[in-house]
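Beneath this line is the structure, given in structure tokens, with notes to follow.
The values are calculated or read from the model by the stated rules, or taken from the named source; none is laboratory data. All of these numbers come straight from a predicted model, not from anything done at the bench. Backbone-built Cβ (ideal geometry, glycine too); neighbour counts: all protein chains shown.
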Amino acid sequence: MESTSNESRIILAIEALKNDPKLTERAAAGIYKVPRATLANRRAGKLSRRDITANGRKLTNTEESVLLDRIIDLIERGFPPRLEDIQDMANRLLRRALAEDPKIIQAWFAL
């Protein structure tokens, strides 16, 4: 909840800077109690940490959604997947996404 409050104060400070050309970044940071460097970075277009995809993340949102749907489908059929099965499914998605040879991924697109 702290980060949401801080995020809203940063947005308010940016809006105040847009509306008042005489207001400095340092003054706005002091008024809204946000770090001046963070305010300067956001004005320069840098995204917040929560809006940036983690470096260690390998699957896209779509791939994660497909994996989750498959896991739910298996559970509903009475086959709870093991961790190794989930890792295997994720690795197959990664190999398919990274494959440049169309013969390797041909089976994925077969009807």
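Remarks
- Single residue of Ala40, Ala44, Ala29 found to be over 15 Å from Asn6 (Cα atoms) and more than 12 Å from the chain's Cα centre (by Cα): Ala44
- Residue match in segment 77-86 (condition: in a helix (DSSP H, G or I), surrounded by 13 or more Cβ atoms within 10 Å (Cβ to Cβ), aliphatic (A, V, I, L, M) and modelled with pLDDT of 80 or more): yes
- Residues of segment 25-42 that are free of Cβ contacts under 8 Å to residues at least 12 places away in the same chain and exposed (fewer than 12 other Cβ atoms within 10 Å of the Cβ): Arg26, Pro35, Ala37.
- Residues that are of a type in the set (Val, Ile, Thr) and loosely packed, with under 12 Cβ neighbours inside 10 Å, drawn from segment 1-23: Thr4
- Verdict on Arg95 being modelled with pLDDT of 90 or more and part of a helix (DSSP H, G or I): no
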